[in-house]
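Below you will find the structure I want to go over with you.
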Amino acid sequence: MEDKLWKVSTSPHLSDRESIPRIMWLVAASLAPAGIGAVYFFGARAAWTIFLAVASAIATEAAIQKLRGKPITVHDGSAFVTGLLLAYNLPAEVPFWIPIIGSAFAIALGKQIFGGLGYNPMNPALLGRAFLLASWPTHMTIFRTPPRGGTISGIDVETGATPLNLLKQAQDVLHQAKVAPGEVPAQKISEAMMHISKLYESYGNLFWGKVGGCLGETSVFLLLIGAAFLLYKRYIDLRIPVGYIGSVALLTWAFGGSEGLFTGNPLFHVLAGGLVLGAFFMATDMVTSPITPRGKWIFGIGCGVITVIIRLIGGYPEGVSYSILLMNLTVPLLDRYTKPAIFGARKR
Amino acid sequence: MELRLFARRSFRGGVHPPENKSLTEHKPIEILPPPAMVVIPVQQHIGAPGKPIVQVGDTVRVGDRLTEPGGYVSVPVHASISGTVKAIEPRPHPLGTSVLSIVIEGDGQDQWSPEVQEDPNWQQLTAEEIRDRIQMAGLAGMGGAAFPTHVKLSPPPNKPIDTFILNGAECEPYLTADHRLMLEYSEEIVRGMAIMLRILRPKRAIIAIEDNKMDAVRVMREAAGKEGLNCEVVALPVKYPQGAEKQLIKALTGREVPRGGLPMDVGCLVQNVGTARAVYHAVQKRRPVVDRVVTVTGRGVAEPKNVLVRIGSSFAYVLEHCGGLRDGAARVLMGGPMMGIAQFTLDVPVVKGTSGIVVLSQEEVRERREAACIRCGRCVDACPMGLMPTAIYHLVKHKRFDEAQEYGVLDCIECGSCAYVCPAGLPLVHAMKFGKLEVSKRMRAAS
């Protein structure tokens, strides 16, 4: 039989069909329902914002890789996902230069500066958002466009605030009334209480997305469709969202009420704001979350604790972005101290 | 007591590669004629190599011993065809190195040594005599690891064996040699097992088979019943690496072999079905290991089949009897695609541990370009040993061997589950092998 010099390689000689581009593009696909929802709720302007964020992310990545003399890998879909997630974290009426600058920052200083995909310590999209929020707070916190078929707050009141904003304002009034009795007009107090009780009944609007907020965060329903797909594909691990959402629910139930322990409304806190988007799509970012089972639990719960601290005590109605960014920084430590038990190390 | 809500017998991690066993699983074992020449390496087992006791020019018959064991952890090799010793020199070995080998040119007679004959009085043998016979018949684990069988069968008195496990899991994709052996030689396997049980006297005996071979489960159950063997035949869920010793013990008994330890540390002993059959041959028939069943398969082979082939036959010879290679044949492996060793030439001999010759086509191999780790954690989930392959990979890559040791590089069983699932195509097993080598070197230097 004819012989030749055969090529050799180390085992295993098979691989499953998974690859980084495949993972990234399927993550992008899982975000499509929420994106379509954004365009439906907020109109064509949302489509432009999303397009510009994605285009800027891809262009920045390609430009920097060219400058660094590295192979251009924008086809792997990771810059696409970063641009998409950044857009989902923007209000509907931001000027068009906001998504462009935000994505450029996210890719350049959130990802490429550390060496590109796999080396970034923090979620680039969230870093981009944090940068925008710090630099142009007015553009980033004004919600004026009511979603189709709904109102910004999700309830029928004259206000320009998102559900969490409105809740914070109302709770501030009540807090003020408690600290300095008599100084707050009775009418204001009863208005605040009415807002809170109405907000707490607005689950339907929150679930379907008929509320104000950032482009991709409003419809829990559309986000869960994508999340279910990611879970089915095992691209995300249930431990992070369960730890995250579970701890937010528990803590807001325990401490979120104005009438003592366990009078809060956990369901409202879970549905409102960007928690579902953050818990399923951003905290689960592979590069910036732990790889150990126990680390994932701690990471998810840590995100939940920080989110609740910010929402209930901090001066800011949201808390998802900063909680994830802060927990991103703990990941190397978490991985180091939550190593799985090596086979045979524990028991006989 | 461990709370087990879902009492499905299993172990942590693992993967489900495509089995591709249908290429050969229904094909009865075909006996290949003795080749015109065999190359028999003096070392086909783990341990000390044997010392040749023949010289160039000597005539030998099938079953004649060619070497003296090089120590206690060593077994001899035997002539697998009759003819003349042509050369005693280093030749390529399927493990990748050159090994001193005895080359025999056949006389076409296939004359067997008169010593190879049924022993009617074998029942009178003591445990010591049985072990001796097993050693001198050249038995080394036929599952692939090739550890001398008699050593495994001699647990020290402070490590009594209470559970004997016959391993018919055959979890490697593509391979069907053990499957066919169980279907066609169940009686001989069970007899070999009975001999081992006789010298070990464990409380419990189990035959473990993956549940993609339910026909083998039935046949083995029947054979064990006929032989009057007191043992369970267990069908295990298909999951790679179910047949790895530690994972198999864990799935069957819930016990974990301690780190750096051996199955006997938890009272277990695992033997492969092919080894059991060879024990029967060695003890009852006085027939040494001169042949074995090999699965020749993969989409690079024209006619995949299971063959009974003489030890020392070249891969080229075996492949010729399987219709030769197809265009696009890209990789020749000894063993299965998950743990098999790639060969650079077909001029290597079938050895005692050759469970398969797998020729993969270009499409099956799927060579990949390395990308950066995206920390997806799939390797951590897949590792049946509870390691963090990506972490060890990076430590080894940066020559941080002390930390790699801390992360358990020495516990790696090289099953390949991590690299199989890695979306970045990282050579994780390669790093593990290198890391193990370096860490052991340092440990030896330090002691």
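Here's a check for you: in the stretch B:355-364, which residue that is touching a helix residue (DSSP H, G or I) at 6+ places or on another chain (Cβ under 7 Å) and of a type outside the set (A, V, I, L, M, F, W, C) is nearest to the other protein chains (Cβ to nearest Cβ)?
Step by step, filter the stretch B:355-364, then rank; the result is B:Gly356.
Test B:Leu346 against the criterion of being facing chain A (nearest Cβ under 9 Å) and crowded, with 24+ Cβ neighbours inside 10 Å, and give yes or no.
In short, no.
Looking at the stretch B:117-150 only, could you name the residues that are of a type in the set (A, V, I, L, M) and part of a loop (DSSP other than H, G, I, E, B)?
B:Leu125, B:Ala137, B:Leu139, B:Met142, B:Ala145, B:Ala146
Kindly evaluate A:Ser258 against the criterion of being at pLDDT below 95 and either out of contact with any Pro (no Cβ under 7 Å at 6 or more places or on another chain) or in a loop (DSSP other than H, G, I, E, B) (or both).
Criteria met by A:Ser258.
Scan the stretch B:324-342 for residues that are farther than 17 Å from B:His430 by Cβ and in contact with a Lys or Arg (Cβ under 9 Å, 6 or more places away or on another chain) and jot them down.
Result: B:Arg326, B:Gly328, B:Ala329, B:Ala330.
Just to verify a result, which residue in the stretch B:402-417, among those that are in contact with a Gly (Cβ under 9 Å, 6 or more places away or on another chain) and more than 9 Å from chain A (Cβ to nearest Cβ), is farthest from A:Asp16 (Cα to Cα)?
Filtering the stretch B:402-417 for residues that are in contact with a Gly (Cβ under 9 Å, 6 or more places away or on another chain) and more than 9 Å from chain A (Cβ to nearest Cβ), the one farthest from A:Asp16 (Cα to Cα) comes out as B:Gln405.
To continue, here is another question. Please find, among B:Lys397, B:Lys352, B:Lys441, the residue that is more than 13 Å from chain A (Cβ to nearest Cβ), out of contact with any Ser or Thr (no Cβ under 8 Å at 6 or more places or on another chain) and under 21 Å from A:Thr292 (Cα atoms).
B:Lys397
With respect to B:Lys250, determine if the residue is assigned to a helix (DSSP H, G or I) and in contact with a Pro (Cβ under 8 Å, 6 or more places away or on another chain).
Here the answer is no, as B:Lys250 does not meet what is asked.
Next question. Does B:Leu333 qualify as being within 8 Å of chain A (Cβ to nearest Cβ) and buried (at least 24 other Cβ atoms within 10 Å of the Cβ)?
The answer is yes for B:Leu333.
Picking from A:Ile245, A:Ile189, A:Ile240, which residue would you name as being assigned to a helix (DSSP H, G or I) and surrounded by fewer than 21 Cβ atoms within 10 Å (Cβ to Cβ)?
Every option except A:Ile189 fails the conditions.
Would you say A:Ala55 is among the small types (Gly, Ala, Ser), free of Cβ contacts under 8 Å to residues at least 24 places away in the same chain, farther than 28 Å from B:Leu426 by Cβ and more than 7 Å from chain B (Cβ to nearest Cβ)?
No, not satisfied.
I'd like the residue in the stretch A:248-267 that is among the aromatic types (Phe, Trp, Tyr) and free of Cβ contacts under 8 Å to residues at least 24 places away in the same chain and, out of all such residues, is surrounded by the most Cβ atoms within 10 Å (Cβ to Cβ).
A:Trp253
OK, next. Out of all the residues in the stretch B:272-290, which are surrounded by 24 or more Cβ atoms within 10 Å (Cβ to Cβ) and closer than 14 Å to B:Glu188 by Cβ?
B:Asn272, B:Val273, B:Gly274, B:Thr275, B:Ala276, B:Arg277, B:Ala278, B:Val279, B:Ala282, B:Val283, B:Val289
Out of the residues in the stretch B:365-377 that are facing chain A (nearest Cβ under 7 Å) and under 26 Å from the mean Cα position of the chain (by Cα), state the one that is farthest from A:Tyr235 (Cα to Cα).
Here the residue is B:Val365.
Assess whether A:Phe42 counts as being away from chain B (no Cβ under 14 Å) and modelled with pLDDT under 95.
yes
Right, here's the next one. Which residues, counting only those in the stretch B:347-372, are in a loop (DSSP other than H, G, I, E, B) and of a type outside the set (A, V, I, L, M)?
B:Asp347, B:Lys352, B:Gly353, B:Thr354, B:Ser355, B:Arg366, B:Glu367, B:Arg368, B:Arg369, B:Glu370
Filter the stretch B:404-438 for residues that are in contact (Cβ under 8 Å) with a residue 60 or more places away in the chain and closer than 24 Å to B:Pro263 by Cα; which is surrounded by the most Cβ atoms within 10 Å (Cβ to Cβ)?
B:Ser417
Give the number of residues within the stretch A:299-348 that are in contact (Cβ under 8 Å) with a residue 24 or more places away in the chain, in contact with a helix residue (DSSP H, G or I) (Cβ under 6 Å, 6 or more places away or on another chain), within 14 Å of chain B (Cβ to nearest Cβ) and farther than 22 Å from A:Gly110 by Cα.
1
Collect the residues in the stretch B:56-91 that are within 16 Å of B:Thr149 (Cβ to Cβ) and touching a residue at least 40 places away in the same chain (Cβ under 8 Å), keeping them in residue-number order.
Passing the criteria: B:Pro69, B:Tyr72, B:Val73, B:Ser74, B:Val75, B:Pro76, B:Val77, B:His78.
Would you mind telling me which numbered condition in (1) in a loop (DSSP other than H, G, I, E, B); (2) without any contact (Cβ under 8 Å) to a residue 12 or more places away in the chain A:Met194 fails?
(1)
Condition first: assigned to a helix (DSSP H, G or I), crowded, with 24+ Cβ neighbours inside 10 Å and facing another protein chain (nearest Cβ under 7 Å). Can you find one or more residues in the stretch B:382-389 that meet it?
Checked the stretch B:382-389: no residue is assigned to a helix (DSSP H, G or I), crowded, with 24+ Cβ neighbours inside 10 Å and facing another protein chain (nearest Cβ under 7 Å).
Given A:Val276, A:Val270, which one is in a helix (DSSP H, G or I), buried (at least 24 other Cβ atoms within 10 Å of the Cβ), in contact (Cβ under 8 Å) with a residue 24 or more places away in the chain and hydrophobic (A, V, I, L, M, F, W, C)?
The match here is A:Val276.
Quick check, is B:Pro90 under 17 Å from the mean Cα position of the chain (by Cα), more than 17 Å from B:Val60 (Cα to Cα) and modelled with pLDDT of 95 or more?
When the stated conditions are applied, B:Pro90 does not pass them.
Among the candidates B:Gly260, B:Gly243, B:Gly298, which residue alone is at positive phi and under 19 Å from the mean Cα position of the chain (by Cα)?
B:Gly298
Might you let me know whether the stretch B:206-222 holds any residue that is modelled with pLDDT of 95 or more and in contact with a His (Cβ under 6 Å, 6 or more places away or on another chain)?
Yes: one or more hits.
Can I ask one more? Please determine, by comparing only the residues of the stretch A:61-96 that are surrounded by fewer than 24 Cβ atoms within 10 Å (Cβ to Cβ) and either touching a strand residue (DSSP E or B) at 6+ places or on another chain (Cβ under 7 Å) or among the polar types (S, T, N, Q) (or both), which one is nearest to A:Arg148 (Cα to Cα).
Step by step, filter the stretch A:61-96, then rank; the result is A:Thr73.
Quick one: which residue in A:Pro163, A:Pro121, A:Pro181 is over 27 Å from A:Ala272 (Cβ atoms) and in contact with a helix residue (DSSP H, G or I) (Cβ under 9 Å, 6 or more places away or on another chain)?
On inspection, the qualifying residue turns out to be A:Pro121.
Hey, among the residues in the stretch B:215-240 that are over 18 Å from B:Tyr185 (Cβ atoms) and either under 21 Å from the mean Cα position of the chain (by Cα) or of a type in the set (A, V, I, L, M) (or both), which one's surrounded by the most Cβ atoms within 10 Å (Cβ to Cβ)?
Selected residue: B:Tyr240.
The values are calculated or read from the model by the stated rules, or taken from the named source; none is laboratory data. Predicted model only: the values in this text are computed from it and were never measured. When we count neighbours, we look across all protein chains shown, and the Cβ atoms used for this are built from the backbone with ideal geometry, even at glycine.
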